[in-house]
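The values are calculated or read from the model by the stated rules, or taken from the named source; none is laboratory data. Computed from a predicted model, the values in this text were never measured in an experiment. We place every Cβ from the backbone using ideal geometry, glycine too, and count neighbours over all the protein chains shown. What goes into the accessible areas is simple: the full protein's heavy atoms, side chains included, and nothing from ligands, DNA or RNA. Shrake-Rupley method; radii C 1.70, N 1.55, O 1.52, S 1.80 Å.
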Amino acid sequence: MNRDGTYRKTKFVQNSKIFRCPICKEEMNVHQFKDMVCSQGHNFNIAKKGYINFLLKAVKTDYDKDMFYSRNLIHSSGFFDPLLESLSNSIIKRIQEKDVRKVNILDAGCGDGSHIGQIINKIYEKLDRDISGFGVDISKEGILLASKQYFEILWCVADLTNLPFASKGFDVILNILSPANYDEFYRVLEDDGILIKVVPGKDYLKELRNIFYEGTEKQEYSNDEVVKLFSRKFRVLDTIELKYSHKMDKDNLAHLIAMTPLSWKATDDKIKEAVGMDIDSISVDFLIIIGEKG
Ligand SMILES: C[S@@+](CC[C@H](N)C(=O)[O-])C[C@H]1O[C@@H](n2cnc3c(N)ncnc32)[C@H](O)[C@@H]1O
C-alpha cells in the first residue's frame, strides 16, 4: 500500500464517523475515496498527503513556513522532550485508570505536528492500545509539514473555534502553547475524557524576555488568567510545573528566536542583541493543566 495515497485516505474512511461538517454540522462520509462529504453536499477533498482542509477560505496568520521550519528544528534538538515525556505519562495513567482499548487523541493547535506525533509513539512504546491521533491547526503550512512527517495521524486544517468533529469523540484533547476554545473542547470531549493544556510558566525563555522587554510590563509573565479561564469550564484534576534548562548553540538560538511568538513584538535591534547573546543554555518553564468535565 502507498503510504502517501491510498493508505492515508483509508485512515479517513475508517474514522469518518468522528467528523462533522463545519458548515451545517451534519454527519460526514467519505465519497469515492477522495472527498469527505456531508448529507447537505458540503465537500472537502482528502489531499494525497493525508490531510483535509476544512476552512472555507484561506486564513493569513503570523505563523508562517519559516516559523514552523524553525519550530520543527527546535523540536528535533530535544527542547520539548521532558514535556512530551510528562504528557505521555499523564495520558498513559489515564488510559490505564479508565481501562480504555480504543483511544482517540486530538491535538488542537498542533502546529508542525511534532508533539502529538511523538506522544503517540511514546505511548505505543509502553502500552498496547488502539490509538488514533488527530491534529488540527488553522495554518496550512503547519499541517503540510506535519503530514510529511507523521503518516498515522489524521491532519486537518481547521479552526479550533469550529472543530470539524462530532460531539464526544475524543478521550484526550491536547492544547499546547496554543489558543483555546473551551466550549468546543467541552463539546468534542468524551464525558470521561481529559483536556491537557500547556502554558508557559513565568521563567519560560526568560533570557529572551529580559532582552526583548527589559523595563516594560511585558518583562514579567503570569499564567494566572489562563488557569482561571480553564477552571471555569473544566474541573482541574492536576497541575504540573515543569522546569528545566536546555542546551543551546548559536544555530539553535537563532531558530529558537524565529520559532517563538515572544519575538513578534521585539524591535529589530533587540532581536539582533538576542541572536548575539553569549549563552549555552536557555530556561524552559511549563505549566501543565489537566482537567475533566465538571
Ligand atoms: C505557538 S504555536 C504552537 C504550535 C504547537 N502546539 C507547538 O507547541 O509547537 C500556536 C499554534 O496555534 C495555531 N492556531 C492559532 N489560532 C488557531 C485557531 N483558531 N485554530 C487552530 N489553530 C490555531 C497556530 O497556527 C499555531 O500553529
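Taken together, the residues in the range 123-147 that are open to solvent by 10 Å² or more (accessible area, probe 1.4 Å), assigned to a helix (DSSP H, G or I) and either on the phi > 0 side of the Ramachandran plot or within 16 Å of the ligand (Cβ to nearest atom) (or both) amount to 4. Inspect the range 222-242 for any residue being outside any strand (DSSP E or B), within 20 Å of Gly111 (Cα to Cα) and small (Gly, Ala, Ser) and give the result as yes or no. Scanning the range 222-242 turns up no residue that is outside any strand (DSSP E or B), within 20 Å of Gly111 (Cα to Cα) and small (Gly, Ala, Ser).
Considering the range 46-83, and only residues there that are free of Cβ contacts under 8 Å to residues at least 60 places away in the same chain and of a type in the set (A, V, I, L, M), the residue that is least open to solvent (accessible area, probe 1.4 Å) turns out to be Ile46. Condition first: part of a helix (DSSP H, G or I), more than 14 Å from Val188 (Cβ to Cβ) and open to solvent by less than 70 Å² (accessible area, probe 1.4 Å). Now tell me which residues in the range 4-29 satisfy that. Result: Thr6, Tyr7, Arg8, Lys9, Thr10, Lys11, Phe12, Val13, Ser16. Given the condition in contact with a helix residue (DSSP H, G or I) (Cβ under 7 Å, 6 or more places away or on another chain), away from the ligand (no atom under 12 Å from the Cβ) and closer than 20 Å to Leu242 by Cα, answer yes or no: does some residue in the range 99-115 qualify? Within the range 99-115, not a single residue is in contact with a helix residue (DSSP H, G or I) (Cβ under 7 Å, 6 or more places away or on another chain), away from the ligand (no atom under 12 Å from the Cβ) and closer than 20 Å to Leu242 by Cα. Is there any pair with a first residue in the range 225-246 that is closer than 30 Å to Leu73 by Cβ and at pLDDT 95 or above and a second that is of a type in the set (Gly, Ala, Ser) and exposed (fewer than 15 other Cβ atoms within 10 Å of the Cβ) whose Cβ atoms are under 9 Å apart and which are 6 or more apart or on different chains, and what are they? Between residues of the range 225-246 that are closer than 30 Å to Leu73 by Cβ and at pLDDT 95 or above and residues that are of a type in the set (Gly, Ala, Ser) and exposed (fewer than 15 other Cβ atoms within 10 Å of the Cβ), the close pairs are Ser245/Ser281; His246/Gly78; His246/Ser281. The criterion of being more than 14 Å from the ligand (Cβ to nearest atom), surrounded by fewer than 20 Cβ atoms within 10 Å (Cβ to Cβ), of a type outside the set (Ser, Thr, Tyr) and closer than 23 Å to Ser167 by Cα holds for Asn43. Name every residue in the range 84-105 that is farther than 26 Å from Asn15 by Cα and either without any contact (Cβ under 8 Å) to a residue 60 or more places away in the chain or of a type in the set (D, E, K, R) (or both), in order of residue number. If the condition is that a residue be farther than 26 Å from Asn15 by Cα and either without any contact (Cβ under 8 Å) to a residue 60 or more places away in the chain or of a type in the set (D, E, K, R) (or both), then Glu85 is the only one that fits.
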